[in-house]
Structures are given as structure tokens and as C-alpha cells.
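One structure is given here, and the rest of the page talks about it.
The values are calculated or read from the model by the stated rules, or taken from the named source; none is laboratory data. Being a predicted model, the structure only gives us computed values, none of them experimental. No Cβ is skipped: glycine too gets one built from the backbone with ideal geometry, and neighbour counts run over all protein chains shown. Ligands, DNA and RNA are stripped out before the accessible areas are found, and what is left, the full protein with its side chains, is counted by its heavy atoms. Shrake-Rupley method; radii C 1.70, N 1.55, O 1.52, S 1.80 Å.
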Amino acid sequence: MGVHRPTGQFPRHLEALYAGFPFDRSFDDDPIASVHPLARDLRSAEVAGIFAATLAIGNTSSIRGAIGRLVAATDGEIVRLVDPGWALERDRRLRGFRHRWIRGDQLAFLGRCLSEFYEAHASLEEPFVEGLNAGGFEVGLDRLARVLRGDRRVGGPRRRRPAGYARLFPSPLGPARSAAKRLTLYVRWMVRSRYPDLGRWHRVPTGELRVPLDQHVQWIAYHLGLTGRRSRTWRAVEEVSEALRRIDPIDPVRYDFVLCHTGISGDCPKHRDLAVCGPCSVRPDCLLWKGRSVG
Ligand code: SF4
């Protein structure tokens, strides 16, 4: 069997899915809902965003719960996590924090890396744009990952990272060619100013963005023929992003929230279900319905 492709009407079908999507329902369920109230200025938006994106593992309610516990540990002032004067208190309060396999000592180390970074830089947009201009989006992500991993040191002795820390920030340039979902999601939040994102970085064109390929987006992208790959690798990210860019070259990842939450919400059952799939706007393009009709 050849590679599945969507119909020629797919742009219209996707637009209909986007237009009819209950954004407000899914916004409340998304980690970005926890970030918005914390993003009072560029620094707090960057800090709240990167900690929230780092915790974006597992289901959405457990992610929002983890962000809430982290915010409570800072008495509602998450930007304290990068305050050099609060370093000892940060390390003490995060001791014992756990979300899935992410530990408090790792989050405290992230706070330390960011604190050192902000001594010499105004924004995480700087290394990202540096990489973007040097070699494209994946190089931008790689530069960002290096800062977060603490690879770039402002000065002084090399620090000892907590066990497993570097794995929190994989790069698409690494040997596994990671999809780097959480960093890609973070960049989407920071760059897009349209709902539901934060729009705090102004030097990155939205047309350059790549789709954060989580399991829900991967499933629907594969079944709509936006990629022929079942594995979540950087090449799949590029294929899906390119397919969406052909539909909207200016803002290709505006569809990401809809594709993702169609899966999270259960709007898409991920199997043939006449009652649910019947009214689905993209059913004519869906691999599960290839060669089948509803009546
Ligand atoms: S047709 Fe059904 S399985 Fe296919 S994308 Fe739509 S809801 Fe999901």
C-alpha cells in the first residue's frame, strides 16, 4: 500500500475543523492556561513558560497540577526560581518535588542555569535567534537546549548536573534526532501572539515555527497523511510542519492546538466510530475511512 495522502479538499476540511473548534473548552485543560496568569512581563513569561513546558509530560491535568505545585513552592512568584538571592531557598523548597520522572533537584538546577544565563542576557530569544539565523529552526532549538542544559557557562567552574538532567532538553541535532516536543511547544508559546499563545518574542517569524509533535498530533497527522512516519522524530516534525505550511505559510502551527486537543478531548476516538466520525470535518482525509462512506 502506498503512502496515505489527504484529499485535495484537505485545506478546506482542516479550516472547517479549526473554525468549529471549542478553543475555550480546551484552553482550560491546556498547560498554557497555567502560564498566562504568571506571564506579567518578558522575564516572567520566559521563566513560567520554560518550567511549564519542561513539566509537560503526561496527561494535561497532572501537568497543570505539577505547575500549580511548583508555583505554590515559590509563593506564586515563579520568577524567583532564577533569582540568585533566592538560590538556597529555591533548592530547599524544590527538594522532594516530583512529576513523573522529573525531580526537584533537576528543576532547581534549571533555575540555576537560567539565573546564570540572565546575568549576561536579557532573553532566551537571543540564543534561539542566533541559531535560527545561523542554520535554521533546529539549530535555534539546539542553541536553546544548550543554554538550558548548562552547556554554555558564563564563567567559573563547571557545574555538576543532577542525574538525568541533560535528558530533559534533547536537541533535534542529537543522535536520536529528537522531535524536541517540549522545546518546540515553548517556542510556539513565546512566538505566536494569536490565541492561545503568549507572543513575547518578536524576532522569529511565525512561518518558521515547527509543530510540537506529541502523541495526539502524531496520530492524527499520520492518519491524515501529513507524514508517512509513525515514529516521533525530527523528520516527522519537518514533514508535518511543511504540510501545514503549504496551507498557511504565515502561521502554519495555528492548527497545532486543534490537532492536539482533538485527541486530548476525545473528540477523535482514534478508531472508526460512526457517531463521532460522521460529522468530523477531516473524515474524507482520514486513513481509517479510506474507501468507506458513512451511509
Ligand atoms: S474521522 Fe474519526 S478517527 Fe478520523 S480524524 Fe475524524 S474523528 Fe478521528
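One residue is enough: does the stretch 71-85 have a residue meeting the conditions touching an Asp or Glu at 6+ places or on another chain (Cβ under 8 Å), assigned by TED's automatic domain parsing to the domain that holds Leu141 and either aromatic (Phe, Trp, Tyr) or not in a helix (DSSP H, G or I) (or both)? Checked the stretch 71-85: no residue is touching an Asp or Glu at 6+ places or on another chain (Cβ under 8 Å), assigned by TED's automatic domain parsing to the domain that holds Leu141 and either aromatic (Phe, Trp, Tyr) or not in a helix (DSSP H, G or I) (or both).
Taking the stretch 222-295 as the region of interest, the helices (runs of 4 or more DSSP H) fully inside it that hold 1 or more residues being farther than 20 Å from Arg188 by Cβ are 274-277. Just one of (1) crowded, with 23+ Cβ neighbours inside 10 Å; (2) away from the ligand (no atom under 14 Å from the Cβ) fails for Gln218. It is (2).
The rows are residues; the columns are (1) surrounded by fewer than 17 Cβ atoms within 10 Å (Cβ to Cβ); (2) closer than 25 Å to Gly199 by Cα.
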residue: Glu46; (1), (2): no, yes
residue: Gly49; (1), (2): no, yes
residue: Ala52; (1), (2): no, yes
residue: Ser61; (1), (2): yes, yes
residue: Arg64; (1), (2): no, yes
residue: Gly76; (1), (2): yes, yes
residue: Leu81; (1), (2): no, yes
residue: Gly85; (1), (2): yes, no
residue: Glu89; (1), (2): yes, no
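With respect to Asp256, is the statement that it is within 16 Å of the ligand (Cβ to nearest atom), of a type in the set (D, E, K, R) and more than 28 Å from Ala145 (Cα to Cα) true? For Asp256, the condition - within 16 Å of the ligand (Cβ to nearest atom), of a type in the set (D, E, K, R) and more than 28 Å from Ala145 (Cα to Cα) - is not met. Among residues of the stretch 270-287 being more than 6 Å from the ligand (Cβ to nearest atom) and without any contact (Cβ under 8 Å) to a residue 12 or more places away in the chain, the one that is most open to solvent (accessible area, probe 1.4 Å) is Pro279. When the residues of the stretch 238-252 are narrowed to those that are in contact with a helix residue (DSSP H, G or I) (Cβ under 7 Å, 6 or more places away or on another chain) and more than 19 Å from Gln9 (Cα to Cα), which ends up surrounded by the fewest Cβ atoms within 10 Å (Cβ to Cβ)? So the residue we want is Ile250.
For the stretch 21-28, does any single residue satisfy the condition of being under 30 Å from Ala73 (Cβ atoms), touching a residue at least 40 places away in the same chain (Cβ under 8 Å) and open to solvent by less than 70 Å² (accessible area, probe 1.4 Å)? Among the residues of the stretch 21-28, at least one is under 30 Å from Ala73 (Cβ atoms), touching a residue at least 40 places away in the same chain (Cβ under 8 Å) and open to solvent by less than 70 Å² (accessible area, probe 1.4 Å), which makes the answer yes.
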